[in-house]
Amino acid sequence: MRSYINQRSRRLALFSACAAFSMICGLGPTPCSADENRPLHNGQAHRTILVLGDSLAAGFGLEPDQAFPALLQRKIDTSRLNCSVVNAGVSGDTTASGLRRIDWLLKRRVDVLLVELGGNDGLRGIVPEATKTNLQGIIHRTQQKYPDVKIVIAGMQMPPNMGADYVERFRRVFPELSKENKAVLIPFLLEGVGGRDELNLPDGIHPTAAGQEIVAENVWKVLKPLLSNAQREVSKQ
């Protein structure tokens with residue numbers, strides 16, 4: 001009997017691990033997963049946008065279709081751009097966690113990498129220079145695998161209680177990375193949401209559904225021109 005229970009427990013653990021891995025890697029049937037068989041729009045090749053993020057991308061406390069990656073997919077479809085969003089947001093992820101799993105995520109072709117990581121680093125007081133090193137590692141590995149990939153960096157900021165010096169050093173990480181890698185920068189992902197009680201859950205950190213709508217718009221202002229320009233470039237070829 002004990003042997004049966006142990007075998008059954010191992011099978012359940014293996015199943016749970018595989019399911020979790022599939023969701024993290026965007027290989028499962030999630031609302032934002034890329035569909036390789038979607039029809040071409042105006043003869044344009046299908047492109048994949050990977051959102052590598054934490055609980056903000058995962059939509060902590062909300063339904064998956066309320067998180068900003070799913071909202072981006074709706075905007076993309078409305079704009080008739082032939083792109084799919086893969087939501088690789090995992091609650092609690094740090095930049096070190098993202099660096100550890102980026103190679104698995106890159107098994108699927110990535111045309112645009114949107115890096116939404118760093119917030120948990122800041123809240124844990126991790127040295128900003130270490131955060132920058134990890135983010136650079138993510139960018140470098142992605143560019144090595146897909147040289148033509150477009151990089152979008154979501155800027156984050158820390159609250160004043162972290163100390164003026166830390167707050168400034170942390171803030172500089174994102175524009176510096178953008179400049180050094182010729183990447184597109186979202187100056188502050190939570191612009192218009194951070195610090196507003198009515199747009200955040202009771203924890204004061206994670207956006208409500210209405211807050212996620214604003215976050216999605218902050219991203220879309222940067223992402224839409226990038227996708228449109230890329231489509232025009234392809235059309236000229």
Exercise. Of all residues in the stretch 142-170 being without any contact (Cβ under 8 Å) to a residue 40 or more places away in the chain and polar (S, T, N, Q), which is farthest from ARG100 (Cα to Cα)?
Worked result: ASN161
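For every residue, the table says whether it meets (1) under 19 Å from the mean Cα position of the chain (by Cα); (2) in a loop (DSSP other than H, G, I, E, B); (3) on the phi < 0 side of the Ramachandran plot; (4) assigned by TED's automatic domain parsing to the domain that holds THR94.
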{"position": "GLU191", "(1), (2), (3), (4)": "yes, yes, yes, yes"}
{"position": "ASP203", "(1), (2), (3), (4)": "no, yes, yes, yes"}
{"position": "ALA216", "(1), (2), (3), (4)": "yes, no, yes, yes"}
{"position": "TRP220", "(1), (2), (3), (4)": "yes, no, yes, yes"}
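The values are calculated or read from the model by the stated rules, or taken from the named source; none is laboratory data. What you are looking at is a predicted structure, and each value in this text was computed from that prediction instead of being measured. No Cβ is skipped: glycine too gets one built from the backbone with ideal geometry, and neighbour counts run over all protein chains shown.
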